[in-house]
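FYI, it's all coordinate maths here, none of it is from the lab. Since this is a predicted model, take the numbers as computed values, not measurements. Here the Cβ is made from the backbone with ideal geometry for all residues, glycine too, and neighbour counts use every protein chain on show.
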């Protein structure tokens with residue numbers, strides 16, 4: 001169910017409360033919810049996931065992303081969450097795509113090579129083509145810093 005992007009970061013489609021225990025058993029220490037509340041009537045509410053995560057001793061952060069796209073604030077929040085993570089991270093949304101795209105943007109903003117990010121995402125079954133130009137721009141800005 002979890003797709004490995006890196007040794008530290010995994011992406012997933014929507015999880016439920018039972019999945020939190022599975023994630024913890026696999027060494028996840030932080031769960032990042034990239035799904036807006038109420039997107040689908042069958043999704044598990046973020047507060048239920050957060051409660052289960054905290055009960056399991058895991059950190060939790062919500063960085064919801066709608067289909068409207070990504071903001072600089074979301075990219076910065078994801079970069080901060082990843083930089084501060086102590087152990088494995090599981091990011092989820094409806095299919096795992098938005099989580100993967102946001103992960104790639106956050107990593108590019110920290111100077112990661114867009115081609116390597118695309119390779120890692122492809123190995124996990126995700127395509128970064130929708131954000132390729134933005135990846136290049138963010139990576140270029142990071143190189144100027």
- Message: Rounded, prolate or oblate, given the Cα gyration tensor of the range 94-145, with a/c below 1.5 counting as rounded?
- Response: prolate
- Convex hull projection area averaged over all views, the chain, Cα basis, nm²: 7.9
- Task: Provide the three semi-axes, in whole Å and in decreasing order, of the ellipsoid equivalent to the range 34-92 as defined by the square roots of 5 times the Cα gyration tensor eigenvalues.
- Result: 19, 18, 7
- Note on the structure: Taking the alpha-carbon centre of each part, the distance from the range 15-78 to the range 86-129 in Å is 16
- What does the highest-first list of 37-48, 79-90 look like by mean Cβ count within 10 Å? 79-90, 37-48
- Message: How long are the semi-axes of the equivalent ellipsoid of the range 1-45, taking √(5λ) for every eigenvalue λ of the Cα gyration tensor, in whole Å from largest down?
- Response: 20, 12, 8
- Tell me what the chain gives for mean residue ellipticity at 222 nm when only DSSP H runs of n ≥ 4 count, each as -39,500 (n - 2.57), the sum divided by the residue total, rounded to 500 deg cm²/dmol. -14500 deg cm²/dmol
